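Here is the structure we will look at, set down as structure tokens.
The values are calculated or read from the model by the stated rules, or taken from the named source; none is laboratory data. Note that the structure is a prediction, hence the values are computed from the model and not measured. Cβ atoms come from the backbone with ideal geometry, glycine included; neighbour counts cover every protein chain shown. With ligands, DNA and RNA removed, areas are computed over all heavy atoms of the protein, side chains included. Shrake-Rupley method; radii C 1.70, N 1.55, O 1.52, S 1.80 Å.
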Amino acid sequence: MSSSVALQRRFDLAAMGDEATRIRKRGGDEEDDEEEEDDERGMEAWERAYADERSWENLQEDESGLLRPIDTKTLVHAQYRRRLLQKSAASAASRIQKGLIRYLYLVIDLSRAASETDYRPSRMVAVAKCAEVFIREFFDQNPLSHVGLVTIKDGISHRLTEIGGSPESQIKALMGKLECSGDASLQNALELIHGYLSQIPSYGHREVLILYSALNTCDPGDIMETIKKCKKAKIRCSVIGLSAEIFICKHVCEETGGSYTVALDESHFKELLLEHAPPPPAIAEYAAANLIKMGFPQRGAEGVIAICSCHKDVKIGGGYTCPRCKARVCELPTECRICGLTLVSSPHLARSYHHLFPVTPFNEVSSVPFKLSQKLAQTCFGCQQSLVSIGTKFAPHVSCLKCNQRFCLDCDIYIHESLHNCPGCESQRATA
Amino acid sequence: MNSVSTPSKLYSGNFTYISSSPFLYFLPPLMGLLILWQSDDVSLIVVLLDVNPFFWASSAASVGDSTSPHHPTAILSFSKLLNHVIPFLNSLLLLNQLNQVVLVATGVNSCSYIYDSGDSEGESAGSVPAVCSEILRRLEEFVDKDRLLGKGPDKVVAAGVSSLLSGSLSLALCYIQRVFRSKARHPQPRILCLQSSPDGPEQYVAVMNSIFSAQRSMVPIDSCVMGVQHSAFLQQASYITGGVYLKPQHLDGLFQYLSAVFATDLQSRSFLQLPKPAGVDFRASCFCHKKTIDMGYVCSVCLSIFCKHHKKCSTCGSEFSQAPSDPNATPDRKRKTSEV
Ligand SMILES: [Zn+2]
Ligand SMILES: [Zn+2]
Ligand SMILES: [Zn+2]
Ligand SMILES: [Zn+2]
Ligand SMILES: [Zn+2]
């Protein structure tokens, strides 16, 4: 039964011409569905057992000859150190543009093709899941940007959400509208978005990202005209296909300067999607560095009644006050409707500051003879965990170059991966 | 500078502790029931106590001279504050046998762990007078050490000096991470900041980093501000992490505020009407002068904030070619109004 479905699909692919004959990793073996659920895709059962369960390697003998699980902690820490040093070298070289103001419409194909089950449980659900991750990541990487959602089904396109700066409302709207039917129409989607994106301010970068499941497009007119219009309006269109490469998608992307990719499976799809989260290098180069005047509004008290300037409606509680003209707005980021000041939430900007001021990697202190170090503190400065191992030696630990405080390996990882502050340096007054 | 030497004496003498039994009186009856029902509402409370001698010395001075114009509300000496705080810590421990309290002192020149109820096993553990004297002794040591650190080559002056909130927040978060690692069933952690001195704008980035890390590990930051002004840092911290922000009106009743608002564990909070935030101050600090600003210029490459227009970004080195772009110049706005 399932093999006949696979056969049918291969037939469809063949019908689309030779561009469609892309390699499907999981094409043939749809029979062993259950086993495909776990991570080792494409690995045969007899290989798997040997590759995974080398359980004897996780054991070591301790002093008294007992078998104990291996001390993975130092191993994990060594791996982390390597990653940290690599990262600090890489971040020195690359310059990430955080201040680009991108206006992106995410188009989700909810045509009949999205109900196919080659992605688990269906293409539609897989796309929605990845889109959620993408939207969050997008706002993390582009704190000042905006996203809107458009769906295509039954041959028409429909704007699900207005373009805006809050990830939560977008995700909620998407999850509420997951059903698919009918045909896909690329032209209708592009026409609709062209209408919306031509209204945005000129400093914004206009982008469309289409997640396309269908293998055809059912258009009311000449799509070439629409593509020309988009090109003229400087809208950058990118497509990620879920089934096979299609000429018209490739053409749209080539004409407008976007990128066209086709996903092999779900993890590949997610990878391709997340590649769109950092600003594309093409527009990053094009944008000149400049200073943007911005306001950081205060949040109003709960229970205070005010009329907001965006909906012209009475709102109770919440809302933000423009620092220049004191008008009330509902959501950030936005522009003040009265004085035109760009209003952002300052914590939103501050989320990326750890990239600017990273904590320098700590020095490894491996084995200080215990007698020499008696005057040193015997606990981790961060968490107070003892640094003395069972014997009379210090356990491996690290120390900060600036403040000379010593930390356990766990704190080292936490400080560099999540906290981004050295507790020792923060606990002393900076000598200005 | 005379005032600096006084604070350590301030609370060494007249300390008496309030018996911690009457606190149950302040709790709604519903909560008492919940404590009996649920054994997994064990909390770990990391209390960050601001021990800024500049603030407490000046407030002690205004206790005698209540007409002092500088600190009209801060009529509480440090010893009085401890009369409220230490019984509160004891009551937290009595709320649930398994509760753990960690006290961290936030000084002007250093931060340090003062007391950990999980450490003192055996002999005097749990005995209320023992805990009190322990805390007092270690606080005094800390204040002395902190003062000596300030007497280095570069003396800290000015009375409006801030304490190192970023340091004690970072310590608290490291401690909480250790608790997360240690046991599979760990207590529910939260942080309580008892802050009196004003914000230090130079700590902006570090404090924000701590807030985001707390948010990621779902640790709420409660804050009780006893100073003259609201604290923008703590308003943001409590707002972002889902904690409670409170600036008590009458510091005489601090114990009541503490026990009624901050003693409740996270599960019980959904049943209570806790104080709603009276607005959140989202102002940022500029990178160039460490000034708190509500309007400024943002570098489009790295998002650094500056209070005035510069030719070059001091953080990422980008050169700004044009005049400051106010993207919403007149043409845009005209079109927008015509649309409406
Ligand atoms: Zn305004
Ligand atoms: Zn540690
Ligand atoms: Zn350090
Ligand atoms: Zn400045
Ligand atoms: Zn910059």
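Within region B:190-218, count every residue that is within 23 Å of B:D41 (Cβ to Cβ) and part of a helix (DSSP H, G or I). Spell out the reasoning first.
Taking region B:190-218 first, the residues within 23 Å of B:D41 (Cβ to Cβ) are B:190-194, B:214-218.
Right, trim to part of a helix (DSSP H, G or I) and you get B:214-216.
Number satisfying all stated conditions: 3.
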What number of residues in region A:295-322 are modelled with pLDDT of 85 or more and open to solvent by 20 Å² or more (accessible area, probe 1.4 Å)?
4
Can you find a residue that is within 22 Å of B:R283 (Cα to Cα), of a type in the set (A, V, I, L, M, F, W, C) and away from chain A (no Cβ under 13 Å) anywhere in region B:249-261?
no
Any idea how many residues of region B:175-222 are within 7 Å of another protein chain (Cβ to nearest Cβ) and over 26 Å from B:P53 (Cα atoms)?
7
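Matching residues to (1) more than 11 Å from the chain's Cα centre (by Cα); (2) closer than 18 Å to B:I45 by Cα:
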| site | (1), (2) |
| --- | --- |
| B:P220 | yes, yes |
| B:C224 | no, yes |
| B:F233 | no, no |
| B:P248 | yes, no |
| B:F262 | yes, yes |
| B:D265 | yes, yes |
Filter result (within 16 Å of ligand 4 (Cβ to nearest atom) and open to solvent by 20 Å² or more (accessible area, probe 1.4 Å)) within region B:270-303:
B:R283, B:F287, B:C288, B:H289, B:K290, B:K291, B:T292, B:D294, B:M295, B:Y297
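Considering only residues that are within 15 Å of ligand 1 (Cβ to nearest atom) and within 12 Å of chain B (Cβ to nearest Cβ), which ones fall in region A:296-311? It would help to see each step written out before you state the result.
Initial filter on region A:296-311 (within 15 Å of ligand 1 (Cβ to nearest atom)): A:296-298, A:300, A:306-310.
A:F296, A:P297, A:Q298, A:G300, A:A306, A:S309, A:C310 - these are the residues of region A:296-311 that are within 15 Å of ligand 1 (Cβ to nearest atom) and within 12 Å of chain B (Cβ to nearest Cβ).
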Take B:D222 and tell me if it is open to solvent by less than 10 Å² (accessible area, probe 1.4 Å) and under 26 Å from B:S117 (Cα atoms).
yes
Restricting to region B:157-204, what's the tally of residues that are open to solvent by 30 Å² or more (accessible area, probe 1.4 Å) and among the aliphatic types (A, V, I, L, M)?
4
Mind checking whether some residue in region A:134-141 is farther than 21 Å from A:A350 by Cα and at pLDDT 90 or above?
no
Pair list, Cβ under 8 Å, 6 or more apart: region A:337-350 residue within 12 Å of B:I305 (Cα to Cα) and modelled with pLDDT of 85 or more, other residue within 16 Å of ligand 4 (Cβ to nearest atom) and among the hydroxyl-bearing types (S, T, Y)
A:A350/B:Y204
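Answer yes or no as to whether A:S259 is within 23 Å of A:S198 (Cβ to Cβ) and either more than 14 Å from every other protein chain (Cβ to nearest Cβ) or open to solvent by 40 Å² or more (accessible area, probe 1.4 Å) (or both). Break it down stepwise before answering.
Values: within 23 Å of A:S198 (Cβ to Cβ): yes; either more than 14 Å from every other protein chain (Cβ to nearest Cβ) or open to solvent by 40 Å² or more (accessible area, probe 1.4 Å) (or both): yes.
Yes: the conditions hold for A:S259.
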